[in-house]
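The values are calculated or read from the model by the stated rules, or taken from the named source; none is laboratory data. Everything numeric in this text was worked out from a predicted model, so none of it was measured. In this analysis, Cβ positions are derived from the backbone assuming ideal geometry, glycine residues included, and neighbour counts consider all displayed protein chains. Just the protein is used for accessible areas: all its heavy atoms, side chains included, with ligands, DNA and RNA removed. Shrake-Rupley method; radii C 1.70, N 1.55, O 1.52, S 1.80 Å.
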Amino acid sequence: ENHLWTAHGAVEARYHGRTLRANEVIYNSVNGVVTARGDVQLINQDGTIEYAQAMTADKDFKPGLALAFSTRQKLNAKLIADEAVRLNQDAMELNKAVFTVCDICAADGTPQTPTWSIQAAQVIQDHKRQIVYYKHVVIRVKGIPVMALPVFWHADPAAVRASGLLAPKIALDSRRGFSY
């Protein structure tokens with residue numbers, strides 16, 4: 001009667017090359033809105049994965065909202081946020097977010113502090129322009145804040161070529177000694 005289709009349990013739904021997994025999925029057949037709750041995973045066509053505790057989107061997953069959001073993207077890039085808003089298929093806004101390409105888990109699976117990370121009040125990832133914008137930024141090294149900036153940006157991890165910061169590399173050898 002309400003035009004709602006509900007699935008409970010280990011739900012897996014596939015649509016246009018994407019796979020949605022969650023504990024509960026509700027589909028409104030009138031307006032095409034999909035709501036997923038509980039350990040949500042959205043596996044995209046390009047192999048990137050988005051995780052959330054709750055996610056609401058249209059049936060094509062273009063605009064939408066996710067709570068307790070994290071994503072693993074190409075080149076080991078990770079974004080974690082309290083809230084993610086997909087503005088369209090090319091741009092996503094993340095609130096209270098952290099970005100890093102460093103490992104956040106040790107080999108045994110326990111959490112570890114990344115070598116470096118960028119924490120921001122707001123992040124906008126623009127895939128079309130291939131840029132990640134930050135507002136109210138704190139750059140951290142081993143969890144210690146080293147720089148605070150009102151605005152910061154760098155190339156999107158999916159960009160083929162772009163200028164920007166290089167990931168830090170620490171080395172010690174007999175010829176050059178200590179280098180950073």
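Quick notes
- Karplus (6.51, -1.76, 1.60) ³J(HN,Hα), θ = phi - 60°, over the range 134-147, in Hz, Gly and Pro reported as x: 10, 10, 6, 9, 10, 8, 10, 10, 6, x, 9, x, 10, 7
- Accessible area per residue (1.4 Å probe, heavy atoms of protein chains only) ranks Arg21, Arg175 as Arg175, Arg21, with the largest value leading.
- Note, ³J(HN,Hα) from phi for the range 78-86, Karplus 6.51, -1.76, 1.60, rounded to Hz, x at Gly and Pro: 10, 10, 10, 8, 5, 8, 10, 10, 7
- Using heavy atoms of the protein chains and a probe of 1.4 Å, the accessible area assigned to Met147 is about 100 Å².
- One Cα centroid belongs to the range 75-132, the other to the range 1-53; the line between them spans 22 Å.
- Per-residue surface analysis assigns Thr115 an accessible area of about 60 Å², computed on protein heavy atoms at 1.4 Å probe radius.
- Less than 5 angstrom separates the built amide H of Thr115 from those of Asp103, all sequence-distant by 5 or more or on a different chain.
- Seen from Glu12, the other residues with C-beta closer than 13 Å to its C-beta sum to a net charge of +1, counting Lys and Arg as +1 and Asp and Glu as -1.
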